[in-house]
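Just below is one structure, and these are the notes that go with it.
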Amino acid sequence: MPSLIQSSPTPSWLSPQGSSSGLLVKKTIRVDIPVDSFPNFNFVGRLLGPRGNSLKRVEANTECRVLIRGRGSIKDTAREEMMRGKPGYEHLNEPLHILVEAELPAEIIDARLMQRVNTRRFAQPVEDPMIS
């Protein structure tokens with residue numbers, strides 16, 4: 001009896017179905033976080049969600065990679081200070097921001113990156129109805 005499930009050599013997010021051209025384009029969009037306007041709000045916690053599920057959901061829905069960068073992106077402040085200025089950690093000198101990266105066919109990359117507007121809602125503080 002033949003198997004109904006066929007394994008793909010590449011994950012589905014690497015090879016979008018129905019793509020007419022094989023030309024992959026890589027684009028990155030930066031979304032700044034308004035930490036100065038809301039200094040007491042935990043933006044990184046809101047972005048990550050419980051066990052990182054909010055960030056994983058955004059990545060799955062948009063087929064983009066979402067990176068939290070800048071001051072405050074590392075939980076341990078002592079480690080952040082130690083890493084600041086080292087190669088690969090230059091972003092720690094910048095304000096907190098999100099990078100949304102996509103490597104997709106040219107026809108659909110702009111549409112997928114426009115879905116990043118959904119990530120902006122995570123970058124805005126909300127009032128908790130449980131706190132009065």
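The values are calculated or read from the model by the stated rules, or taken from the named source; none is laboratory data. All figures in this text were calculated on a predicted structure; none of them were measured in a lab. Note that we place each Cβ from the backbone using ideal geometry, even for glycine, and neighbour counts take in every protein chain shown. Accessible surface areas use protein heavy atoms only, side chains included; no ligands, DNA or RNA. Shrake-Rupley method; radii C 1.70, N 1.55, O 1.52, S 1.80 Å.
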Reachable lysines from LYS26, Cα under 26 Å, same-chain residues fewer than 8 places away excluded? LYS56, LYS86
Keeping the other protein chains in place, figure out the carbon and sulfur percent of the accessible area of the range 36-118, with a 1.4 Å probe. 51 percent
Which of rounded, prolate, oblate describes the range 36-118, given a ≥ b ≥ c as roots of the alpha-carbon gyration tensor eigenvalues and a/c under 1.5 marking rounded, otherwise prolate only if a/b is larger than b/c? prolate
Accessible area (Å², per residue) of the range 36-118, counting only protein heavy atoms and a probe of 1.4 Å: 61 Å²
How large is ³J(HN,Hα), in whole Hz, for each residue of the range 64-69 in order, when computed from phi with the Karplus curve 6.51 cos²θ - 1.76 cosθ + 1.60 and θ = phi - 60°, using x for Gly and Pro? 10, 9, 10, 10, 9, 10
With each pseudo-label sitting 7 Å past Cα toward Cβ, what's the ASP36-ASN93 distance in nm, one decimal? 1.9 nm
For an R0 of 30 angstrom, estimate the FRET efficiency from the Cβ-Cβ distance between ARG65 and LYS86 and round to the nearest 0.05. 0.85
For the range 36-118, what is the charge dipole size about the Cα centre, in debye to the nearest 20, if Lys and Arg each add +1 at the Cβ and Asp and Glu each add -1 at the Cβ? 380 debye
